[in-house]
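Below is one structure, written out as structure tokens; the observations come after it.
The values are calculated or read from the model by the stated rules, or taken from the named source; none is laboratory data. Worth saying up front: this structure is predicted, and the values here are computed from it rather than measured. So basically every Cβ, Gly included, is an ideal-geometry build from the backbone, and we count neighbours across all protein chains shown. Protein only, heavy atoms only, side chains kept; ligands, DNA and RNA dropped before computing areas. Shrake-Rupley method; radii C 1.70, N 1.55, O 1.52, S 1.80 Å.
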Amino acid sequence: TMPLVRRVQSLLREKGHGLFRTLATPETVATILKEPYAVTDAIDEELVSVLLDPLLTEGADEVVFDTLSYSAGPLPEQQLSSADFPKDCPVWVVYGKEDPWTPPRRVENLKSEYSSSPVERVVGLEGAGHCPHDEVPQRVNELILEFLDRLS
């Protein structure tokens, strides 16, 4: 599949600029956000603008194509099991149980998968999707405050 992916990336770089400009609209961004957001009321004009405005600057299409051409970086499992990861640094993981892109089972396994895992707590939030910090910010903020209390 990698040769196919590389070919698509190459075609986007060569011929995708018009497509990018056509899709970089508030309507398209709002429609795309409906996939990862379980709480679609969180998709408002401000969110769309925060995401879209940078895409409308000159050269943004090149940045997007660059992003699509690179790895997303190490997976959380790789980071947590890395010899460089500080084992004395507590980790809490919060995720939306309605996230279509990140399987809940994979997230839940972060705590138990490694014998020396620094993951102390995994919290799945009902009714939230890929962006719980945006969809249910009050619940995420409560957990952040609880985590900070735990550190002090």
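When ligands, DNA and RNA are left out and all protein chains stay put, how many square angstrom of accessible area per residue does segment 108-152 have with a 1.4 Å probe?
Numbers: 2720 Å² over 45 residues.
That works out to 60 Å² for each residue.
Starting from the 7 Å offset along Cα-to-Cβ, what nm value, one decimal, do you get for the label separation of Q9 and Q138?
Those two pseudo-labels are separated by 4.3 nm.
Rounded to the nearest 20 debye, what is the charge dipole size of the chain about its Cα centre when +1 sits on each Lys and Arg Cβ and -1 on each Asp and Glu Cβ?
The calculated dipole for the chain is roughly 720 debye.
How big is the gap, in Å, between the Cα center of segment 1-67 and the Cα center of segment 82-152?
27 Å
Apply 1/(1 + (r/R0)^6) to the Cβ-Cβ distance of L148 and Q79, taking R0 = 22 Å, and write down the FRET efficiency to the nearest 0.05.
Rounded to the nearest 0.05, the efficiency is 0.55.
Where does the charge balance sit around P26 when Lys and Arg score +1, Asp and Glu -1, over other residues with C-beta under 15 Å from its C-beta?
Around P26, the charge tally is -3.
Students often forget the sequence filter, so: which lysines lie under 28 Å Cα-Cα from K111 once same-chain residues fewer than 8 apart are removed?
Here the lysines satisfying the reach criterion relative to K111 are K87, K97.
Computing the accessible area with a 1.4 Å probe over protein heavy atoms, can you report the carbon and sulfur percentage for the chain?
57 percent
Scan segment 67-111 for chymotrypsin sites (Phe, Trp or Tyr not before Pro) in coil per DSSP, keeping those whose Cβ has at most 10 other Cβ atoms within 10 Å, and list them by number.
Y70, W101
Starting from the eigenvalues of the Cα gyration tensor, five times each then square-rooted, give me the equivalent ellipsoid semi-axes of segment 20-152, largest first, whole Å.
Equivalent ellipsoid of segment 20-152: 31, 20, 14 Å, largest first.
Based on DSSP H assignment, which helices of the chain show an axial Cα extent of at least 18 Å together with a mean Kyte-Doolittle hydropathy greater than or equal to -1.0?
2-15, 137-151
Taking GluC sites (Glu not before Pro) that fall in a DSSP loop and have at most 16 other Cβ atoms within 10 Å as cut points, what is the longest piece of the chain between them?
Longest gap between qualifying sites, sites excluded: 1-57.
Relative to the present Cα-Cα distance, how much length would full extension add between T25 and T40 at 0.36 nm per residue of separation?
Full extension from T25 to T40 adds 3.6 nm.
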